[in-house]
Amino acid sequence: MNVRVEGNGSSDRVAAGTSRRRVLGMFGAAAAVPLLSSRARAQSGKSVMRIAHVLTDQDNVHRALVRFKDAVEKRSNGQLEVQIYPNSALGSLRVTFESMQLGNLEAGVWDAGTPANVVPQWTVPELPYILRDLPHVHKVLDGPIGQELNKALLAKAKIRTLAVYDTTFRKIFTRPKAINSLADMKGLKIRVPEVQSYVRCMQLLGANPTPIPWGELYTSLETGVVQGFENKCEAAFNAKLHEQTKFAAYTGHIFVVNPLMVSDRWFGTLPKSTQDIVLEAAAESLAWQRVEAPTAEKNFEQKMKTAGVTFTSPDPVAFRKAVEPYYKEFGDKFGANDLIKRVRES
């Protein structure tokens with residue numbers, strides 16, 4: 001299995017207030033990608049598709065990419081080589097996305113917040129509590145709404161969406177106390193990605209959102225910089241965060257999508273037969289991953305429980321009511337009120 005891993009980096013996008021050290025680090029990561037591109041193009045007789053992502057090589061999304069790789073390479077008779085770079089090896093979400101826009105990277109897996117920097121409406125599927133359950137998720141992403149988002153990104157940024165992998169509805173993990181009701185959220189320092197929708201969600205739930213890179217979270221919990229975080233069990237366990245948290249709450253506040261995207265300029269250089277292979281392999285990997293994702297999350301949830309983490313189930317009604325104002329805030333700012341209405345009513 002030719003899965004390449006080079007380097008390590010932050011899994012969070014860079015905010016406007018990034019320190020000089022982190023900015024230099026960001027450009028250093030971006031600079032590494034063109035060098036790899038030149039090396040990839042130097043291989044005669046075949047094309048190379050590098051896929052960057054910030055997840056571990058144990059994550060079910062990475063394993064779906066391995067299936068995609070195997071199918072593409074086999075069906076193309078090795079004429080298209082797929083190289084997968086997990087663990088932020090080619091840089092953060094923002095760095096790799098911008099590298100793809102510049103033509104220095106072929107593909108990657110991101111969240112909805114990253115393409116939302118180009119098409120703000122991509123944030124809508126990750127607004128708090130806007131998606132009800134998995135059937136609703138798939139109805140939105142696979143239907144007209146998802147197709148509109150894909151077409152908008154293709155038109156504006158020349159980026160093609162090959163598949164939108166599932167994650168799960170996120171949970172809130174805490175160190176000092178369990179969350180049994182909305183009142184328990186008040187004042188808790190909760191780590192969030194540097195994404196406004198996550199920050200605003202935690203603010204409306206009464207917490208004190210604290211943007212911190214994922215790679216710094218373990219130490220931040222250990223030293224008390226934050227008192228908790230929100231994510232899925234699989235990511236938490238793989239990062240050994242069960243060692244620093246005691247409680248987890250089934251809040252289901254956000255469903256994160258992981259779109260597999262490719263530079264359409266690069267895609268257009270492939271023969272039609274190879275394009276078809278890529279599209280078919282992406283669809284097949286998506287079908288596998290949508291079955292695997294909930295199973296994997298259940299397995300990692302059990303691992304968290306075995307490790308001593310106590311799970312609670314607060315009533316979601318108060319949580320949903322608390323974030324309601326954000327729909328109008330976001331809709332008014334980005335002209336997305338109709339889209340939000342359509343998602344909620346679908």
Exercise for the section: Could you run the Karplus curve 6.51 cos²θ - 1.76 cosθ + 1.60 with θ = phi - 60° over the stretch 107-121 and give me ³J(HN,Hα) per residue in whole Hz, x for Gly and Pro? Expected result: 7, x, 10, 10, 9, 6, x, 6, x, 5, 5, 9, 10, x, 4
Handout entry: Built amide H within the under 5 Å cut-off of Thr251, gap 5+
Key = Ile172
Practice task
Label the stretch 181-233 by shape, choosing from rounded, prolate and oblate, from the square roots a ≥ b ≥ c of the eigenvalues of the Cα gyration tensor; if a/c is under 1.5 it is rounded, and otherwise prolate applies when a/b is larger than b/c, oblate when it is not.
Solution key: oblate
Handout entry: Sites Asn180 and Ala152 - FRET efficiency at Förster radius 35 Å, r taken between beta-carbons, to 0.05
Key = 0.30
Exercise for the section: Calculate for the chain the 222 nm mean residue ellipticity that helices alone would give, adding -39,500 (n - 2.57) per DSSP H run of length 4 or more and normalising by residue count, nearest 500 deg cm²/dmol. Expected result: -14500 deg cm²/dmol
Practice task
Please give the contour-minus-distance gain from Asn77 to Arg344: 0.36 nm per residue of separation, less the Cα-Cα distance, rounded to one decimal in nm.
Solution key: 91.6 nm
Practice task
For the stretch 139-225, state the average projected area of the convex hull of the C-alpha atoms over all orientations, rounded to one decimal in nm².
Solution key: 7.7 nm²
Completion exercise
Using alpha carbon centers only, the stretch 308-346 is separated from the stretch 57-135 by a whole-angstrom value of 25 Å
Exercise for the section: Using only alpha carbon positions, build the gyration tensor of the chain, then give the equivalent ellipsoid semi-axes as the square roots of 5 times its eigenvalues, largest first, whole angstrom. Expected result: 33, 22, 20
Exercise for the section: Output the antiparallel fraction of DSSP beta bridges having both residues in the stretch 155-283, as a percent to the nearest 5. Expected result: 70 percent
Handout entry: Accessible area of the stretch 199-346 divided out per residue, in Å², using a probe of 1.4 angstrom
Key = 44 Å²
Fill in the blank from the handout: Amide H proximity to Thr210 below 5 Å, modelled H, separation 5+ or other chain, gives Ile190, Arg191, Val192
Fill in the blank from the handout: Excluding residues fewer than 8 positions from Lys46 in its own chain, the lysines with Cα under 21 Å of it are Lys69, Lys74, Lys272
Completion exercise
For Lys298, counting only lysines whose alpha-carbon sits under 19 Å away and dropping same-chain residues fewer than eight positions off, the answer is Lys171, Lys232, Lys240, Lys246
Practice task
When you have a sec, figure out the Kirkwood radius of the stretch 122-275 from all distinct Cα pair distances and drop it here in Å to one decimal?
Solution key: 17.1 Å
Problem - Amide proton proximity set for Leu260, modelled H, under 5 Å, gap of 5+ - result: Leu162, Ala163, Val164, Tyr165
Practice task
On the protein heavy atoms, probe 1.4 angstrom, tell me the percent of accessible surface of the chain carried by carbon and sulfur.
Solution key: 53 percent
Fill in the blank from the handout: Taking a ≥ b ≥ c as the square roots of the eigenvalues of the Cα gyration tensor, with a/c under 1.5 meaning rounded and otherwise prolate when a/b exceeds b/c and oblate if not, the stretch 228-346 is oblate
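The values are calculated or read from the model by the stated rules, or taken from the named source; none is laboratory data. What you see is a predicted model; the values in this text were computed from it and never measured. As a convention, Cβ positions derive from the backbone with ideal geometry for all residues, glycine included, and neighbour counts pool all protein chains shown. SASA here: full protein model, heavy atoms, side chains in, ligands and nucleic acids out. Shrake-Rupley method; radii C 1.70, N 1.55, O 1.52, S 1.80 Å.
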